[in-house]
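> Mind having a look at this structure? Questions to follow.
The values are calculated or read from the model by the stated rules, or taken from the named source; none is laboratory data. Owing to the predicted nature of the structure, the values given are computational and were not obtained by experimental measurement. Cβ sites come from the backbone with ideal geometry, for glycine too, and all protein chains shown count toward neighbours. Ligands, DNA and RNA are stripped out before the accessible areas are found, and what is left, the full protein with its side chains, is counted by its heavy atoms. Shrake-Rupley method; radii C 1.70, N 1.55, O 1.52, S 1.80 Å.
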Amino acid sequence: MIRPGGNLGQLFALPAEILNGTKKDEFTYPVAIYDHNEGNAISGGFAYHGKIEALRGKFVFGDIQRGRLFASDLAAMKKADDGIPQTTAPVEEIQLFTRNSRGERVYVTLRDLIERTMGSSVTRADLHISASRDGELFVTSRQDGTIRMLVPESGR
């Protein structure tokens, strides 16, 4: 199908009977979604099994462009895999932070950290996630060549 005027932002609402699952179609629908106001392109993700208690049992993924990290509960995602398009698992943002010289939290995105390292602004974070053998997650970007690891908050 060709969209009139090439407008890719034009979306068509699903009929109510498809949306609520009373009528099936041939499509597979997502179990977790977030709006383009929150991000532009999802990176691959991993089920988290590391030391950060708040992330255990969640699927961690990121936005390649903006450098934000997100999580969705694995059990909720499995429950949302019911063939009903309007059933989705909640998505929450993982808030990254550093500490300033006074020990106070400074909330950041990966893109902020890249810009600090590079000393200039970047147009995208190019966020990528990988996992260690023991379930910890690494967050990298080609822009600054730094490998960062998600770690539990210290006792501060």
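> Condition first: touching a residue at least 12 places away in the same chain (Cβ under 8 Å), farther than 18 Å from N40 by Cβ and surrounded by fewer than 17 Cβ atoms within 10 Å (Cβ to Cβ). Now tell me which residues in region 109-129 satisfy that.
Within region 109-129, T117, M118 qualify.
> Hey, which of the helices (runs of 4 or more DSSP H) in region 5-123, taking only ones fully inside, have at least 2 residues that are within 29 Å of G135 (Cα to Cα)? It would help to see each step written out before you state the result.
Numbers: elements: 16-19, 74-80, 110-118.
Output list reads 74-80, 110-118.
> Would you check which residues across region 141-155 are open to solvent by 40 Å² or more (accessible area, probe 1.4 Å) and not hydrophobic (A, V, I, L, M, F, W, C) and list them? Spell out how you get there, then give the answer.
We begin by selecting, within region 141-155, every residue open to solvent by 40 Å² or more (accessible area, probe 1.4 Å); these are 142-143, 145-149, 151-155.
Matches in region 141-155: R142, Q143, G145, T146, R148, P152, E153, S154, G155.
> Given (1) under 21 Å from N40 (Cα atoms); (2) modelled with pLDDT of 95 or more, where does R102 come up short, assuming only one miss?
(1)
> Only one of these conditions is not met by M1: (1) loosely packed, with under 14 Cβ neighbours inside 10 Å; (2) modelled with pLDDT under 90; (3) closer than 23 Å to P90 by Cβ; (4) of a type outside the set (D, E, K, R). Which number is it?
Failing condition for M1: (3).
> Same structure, new question: What number of residues within region 33-77 satisfy the criterion of being open to solvent by less than 30 Å² (accessible area, probe 1.4 Å) and in contact (Cβ under 8 Å) with a residue 60 or more places away in the chain?
12
> Applying the selection to region 88-97, what residues are touching a residue at least 12 places away in the same chain (Cβ under 8 Å) and open to solvent by 40 Å² or more (accessible area, probe 1.4 Å)? Show your work before the answer.
As a first pass, look at region 88-97 and keep what is touching a residue at least 12 places away in the same chain (Cβ under 8 Å): 88-96.
Those that are touching a residue at least 12 places away in the same chain (Cβ under 8 Å) and open to solvent by 40 Å² or more (accessible area, probe 1.4 Å): T88, P90, V91, E92, E93, Q95.
> What are the residue pairs meeting all of these: first residue in region 15-32, first residue more than 13 Å from T87 (Cα to Cα) and free of Cβ contacts under 8 Å to residues at least 24 places away in the same chain, second residue among the acidic types (D, E) and not in a loop (DSSP other than H, G, I, E, B), Cβ atoms under 8 Å, and 6 or more apart or on different chains?
From region 15-32, the pairs are K23/E17.
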